[in-house]
Amino acid sequence: MSAEPTGNPFGPTRGPLSPRRSRRAVPVLAFLLAVLCVTTVALTATVRSTVASPGFYQAVLDEESAYDRLYGEVLVDPEISPVTRDLLAHLPVPEALVTSNIKVVLPPATVRALTDQQIEAVTGYLRGDRDELRLTVDLAPVLENLADLARVYFGDLVAGIQGSDQPDFDRFTADLATALDALKQGRAPNLPTLPLTEDQADRAADALLTTVPERERAALRPEIEVALGEGDVSTALAATAAAALSDGSRTAAAGLRTILQGGTWDLTGTLTAAGADVTALERARDTIRLLTLLQVLALTVALAALATLWFTGPAAPARRLMRLGQALACAGGLTAAAVLLARLITGGRLLAVPSSWAPSVAALVDDLQRNAVNQVVATGLSAALTALVGGVLLTGAGWALLVRPGRMPTPTPTAVRTTAAGVACAALAGVLLAPPVFGPSAPRQCLGSSRLCELRYDEAAYLTAHNAMSTTADRFIGPLQDPDITTQLDTGVRALQLDTYRWESPQDIAGRLDSPEFTPEQRRLITGAIDLANPPREGLWLCHGVCRAGAVELVPALEDIGDWLRSHPTEIVTLIVQDDISPEDTEEAFRTAGLEDLLHTPAADPDAPWPTLGEMIDSGRRLVVFAEKADGPAPWYRNFYRYGMETPFAFRSPSEMTCEPHRGGTGKQLFLLNHFITNAGGSRLDAGRVNARDWVLERTRACEAERGSPVTFIAVDYTTVGDALGAVNELNSTRSERD
């Protein structure tokens with residue numbers, strides 16, 4: 001009788017508890033975990049390096065030229081005018097004046113700074129660096145600019161009413177306060193009758209009617225014009241008071257004061273009141289926190305899975321290498337597929353733009369969304385590519401070991417393990433670090449654009465303020481600019497033409513007044529001011545021909561320029577000085593102003609190549625100073641006409657403008673285009689014409705073709721009139737693309 005068989009009569013166990021099957025399942029499970037966890041690390045790193053990174057949003061805004069489009073497209077869109085009209089309804093300046101000087105009221109640098117503040121606040125909240133979401137906008141600079149603009153606008157009006165050359169704002173304010181007190185008490189204010197010319201009466205009527213709701217202006221105008229025509233200011237004020245101080249106006253003004261809260265706008269409260277879902281940011285914050293924890297967990301599991309895959313792999317080290325490489329390559333492919341699928345699902349848009357939005361706003365928002373999605377996709381694909389490359393390297397190394405020629409020495413097991421661990425860890429680290437390294441970040445700025453850093457100094461174009469010190473803000477007689485020097489820099493000016501003087505004696509004035517830049521009326525005013533309103537003063541000054549026509553102290557003005565440059569570390573400023581003081585005095589003034597660390601020293605050879613804008617910014621030497629007469633002795637103080645050339649400048653009408661050579665001859669690296677009209681003084685009306693974007697571009701390109709050199713400096717009067725800056729930006733954009 002045969003013995004009974006022992007063990008399982010059906011052979012080896014093949015059920016789920018079979019040790020052999022379990023051993024085969026472990027590598028498969030490790031492979032799948034490695035693929036999924038590496039993919040998770042890549043995707044979470046992509047999200048955290050974009051959605052929670054301030055540089056991501058700044059890069060998107062810069063790529064779409066959002067700040068330029070705000071001024072060039074959005075704020076000039078007719079469909080935006082109802083919004084701007086409502087916002088400006090309670091300001092002491094006519095709407096048209098604010099919108100035409102919008103870059104003075106709200107300079108591009110201020111817009112960028114305010115936007116960066118909100119980006120930092122939101123991303124800081126999303127990352128958990130801030131416990132509370134608080135979006136506030138500091139409107140103090142904007143309100144200060146509005147106040148300055150209001151003073152400029154009302155200056156001529158007040159002076160005309162007071163019968164003086166310069167307005168007495170203190171007396172005007174006191175008279176107005178007394179008049180308003182009388183109106184509040186229900187009685188007519190006790191104001192004297194003032195003789196007004198017809199033009200003065202019309203201007204005063206326009207000023208008063210800006211305080212009245214637009215729908216009531218037509219009905220009130222006849223009564224106000226008649227009263228002012230008779231010099232009866234009291235009746236004119238009384239006629240406008242009822243409408244100007246209506247309940248609706250008082251409520252709106254009170255609301256405006258509440259919103260501003262002393263110059264600070266609580267944007268969070270405004271968004272909430274407008275129905276915006278601010279809680280979405282709270283949910284996003286929770287999601288970012290979850291993603292951070294998920295990323296740490298996935299990274300840990302990925303390392304464990306890759307280690308398990310190695311130790312449970314085939315006996316041959318080469319095949320183990322290939323197994324690791326295949327896992328990483330699959331993770332890279334899965335990551336790329338997930339990113340592209342998300343792009344396909346979203347269609348490049350994260351939110352639908354309401355049809356009620358103005359076309360310019362809708363177009364800008366759509367472009368920003370599309371750019372943001374593309375940036376996220378590019379960042380995710382960089383992480384996917386890192387995993388894929390690591391996988392290919394490991395797979396290729398394993399394959400090479402399998403098919404190696406007989407003469408190739410066999411690597412030791414330790415060497416194989418070290419290679420596998422090193423490449424796998426490097427690939428995993430790359431997946432984690434590629435998104436923040438290769439993803440979008442705050443772009444390096446040169447002259448306000450990341451695209452210009454590789455241009456040489458002489459290849460860029462600069463908006464240049466002709467007689468930059470002669471401003472309405474500083475009460476010059478016959479000003480050629482409106483805002484003061486630092487505000488000009490805020491609005492995009494990057495080169496300043498300045499005139500340096502010592503205060504003249506009465507005997508010096510007669511000869512200077514013969515200049516065609518002064519009208520007979522200006523000569524009369526200046527002559528009347530001799531030793532009365534403007535007695536002689538010691539020191540160095542910025543003047544326009546005659547210091548009694550207006551003057552700004554040189555050293556404080558230089559200090560302001562230095563402060564501006566230090567607060568704008570990616571900007572370059574050029575000064576072209578019409579020097580009526582000695583070069584030694586100029587050098588001492590710059591030393592006293594503390595600008596020595598900012599001054600750029602041009603090469604001694606005028607034909608030597610200029611550095612790039614990026615190199616100048618990196619060096620910190622970002623202030624270039626030229627003189628019309630001097631050449632040294634300071635090495636940074638060079639004669640402009642050794643390095644540059646210009647066009648004529650005494651044009652009496654736009655039709656006379658030519659490109660003919662003038663001072664500096666021809667063939668120089670720097671090219672100054674004098675683009676202003678001088679007809680018995682500056683002409684604001686002509687500036688409105690020649691400063692138009694198309695006019696500037698047409699003349700610039702014509703002169704470049706005729707002279708065979710790119711225009712460097714475009715010097716204009718009234719830089720805030722027209723859009724000369726838009727023309728300069730277009731020129732620089734074109735030049736950066738060629739570069």
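Look at P635 and say whether it is within 25 Å of E704 (Cβ to Cβ) and either in contact (Cβ under 8 Å) with a residue 40 or more places away in the chain or surrounded by fewer than 18 Cβ atoms within 10 Å (Cβ to Cβ) (or both). Before you say what the answer is, go through the steps one by one.
Values: within 25 Å of E704 (Cβ to Cβ): no; either in contact (Cβ under 8 Å) with a residue 40 or more places away in the chain or surrounded by fewer than 18 Cβ atoms within 10 Å (Cβ to Cβ) (or both): yes.
Answer is no for this residue.
For segment 309-358, how many residues are under 19 Å from V376 (Cβ atoms), of a type in the set (D, E, K, R) and in a helix (DSSP H, G or I)?
1
Yes/no matrix, rows are residues, columns are (1) in contact with a Phe, Trp or Tyr (Cβ under 7 Å, 6 or more places away or on another chain); (2) in contact (Cβ under 8 Å) with a residue 12 or more places away in the chain; (3) surrounded by 18 or more Cβ atoms within 10 Å (Cβ to Cβ):
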| position | (1), (2), (3) |
| --- | --- |
| R548 | no, yes, yes |
| E553 | yes, yes, no |
| A557 | no, yes, yes |
| E571 | no, yes, yes |
| I576 | yes, yes, yes |
| E588 | no, no, no |
| A593 | no, yes, yes |
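Would you check if L364 is in the same structural domain as V41 (by TED's automatic domain parsing), part of a loop (DSSP other than H, G, I, E, B) and not acidic (D, E)? So that I can check it myself, show each step before the final result.
Values: in the same structural domain as V41 (by TED's automatic domain parsing): yes; part of a loop (DSSP other than H, G, I, E, B): no; not acidic (D, E): yes.
Criteria not met by L364.
Sort out which residues of segment 29-75 are closer than 30 Å to T720 by Cα, polar (S, T, N, Q) and part of a helix (DSSP H, G or I), and write them in order of number. It would help to see each step written out before you state the result.
At the first step, the residues of segment 29-75 found to be closer than 30 Å to T720 by Cα are 57-75.
Then drop every residue that is not polar (S, T, N, Q), which leaves 58, 65.
Once the filter is applied, which keeps residues that are closer than 30 Å to T720 by Cα, polar (S, T, N, Q) and part of a helix (DSSP H, G or I), segment 29-75 yields only Q58.
Going through segment 350-380 one residue at a time, which ones are in contact (Cβ under 8 Å) with a residue 60 or more places away in the chain, aliphatic (A, V, I, L, M) and under 22 Å from V339 (Cα atoms)? Let's see the steps before the verdict.
Initially, segment 350-380 is screened for residues in contact (Cβ under 8 Å) with a residue 60 or more places away in the chain, giving 358-361, 363-364, 367-368, 371-372, 375-376, 378-380.
Keeping just the survivors that are aliphatic (A, V, I, L, M) gives 358, 361, 363-364, 368, 372, 376, 378.
Matches in segment 350-380: L368, A372, V376, A378.
Within segment 283-301, does at least one residue satisfy the condition of being at pLDDT below 80, surrounded by fewer than 18 Cβ atoms within 10 Å (Cβ to Cβ) and not in a loop (DSSP other than H, G, I, E, B)?
Yes, there is a match, as at least one residue in segment 283-301 is at pLDDT below 80, surrounded by fewer than 18 Cβ atoms within 10 Å (Cβ to Cβ) and not in a loop (DSSP other than H, G, I, E, B).
What are the pairs, 6+ residues apart or on separate chains, where a residue within segment 465-487 that is at positive phi has its Cβ under 9 Å from a residue that is surrounded by fewer than 24 Cβ atoms within 10 Å (Cβ to Cβ) and in a helix (DSSP H, G or I)?
Here the result reads R475/G155; G478/E521; G478/Q522; G478/L525, each pair linking segment 465-487 to a residue that is surrounded by fewer than 24 Cβ atoms within 10 Å (Cβ to Cβ) and in a helix (DSSP H, G or I).
So which helices (runs of 4 or more DSSP H) are wholly in segment 553-638 and hold at least 2 residues that are hydroxyl-bearing (S, T, Y)? Before you say what the answer is, go through the steps one by one.
On the way: elements: 554-567, 583-592, 613-619.
In segment 553-638, the matching helices (runs of 4 or more DSSP H) lie at 583-592.
Applying the selection to segment 475-504, what residues are under 19 Å from T678 (Cβ atoms), in a loop (DSSP other than H, G, I, E, B) and not hydrophobic (A, V, I, L, M, F, W, C)?
Residues satisfying the conditions are G478, P479, D482.
Would you mind telling me which numbered condition in (1) touching a Gly at 6+ places or on another chain (Cβ under 7 Å); (2) farther than 22 Å from C446 by Cα C659 fails?
Exception for C659: condition (1).
The values are calculated or read from the model by the stated rules, or taken from the named source; none is laboratory data. In this text, all values refer to a predicted model and were calculated from it rather than measured experimentally. Ideal geometry is used to build each Cβ from the backbone, glycine not excepted, and the neighbour counts take in all protein chains shown.
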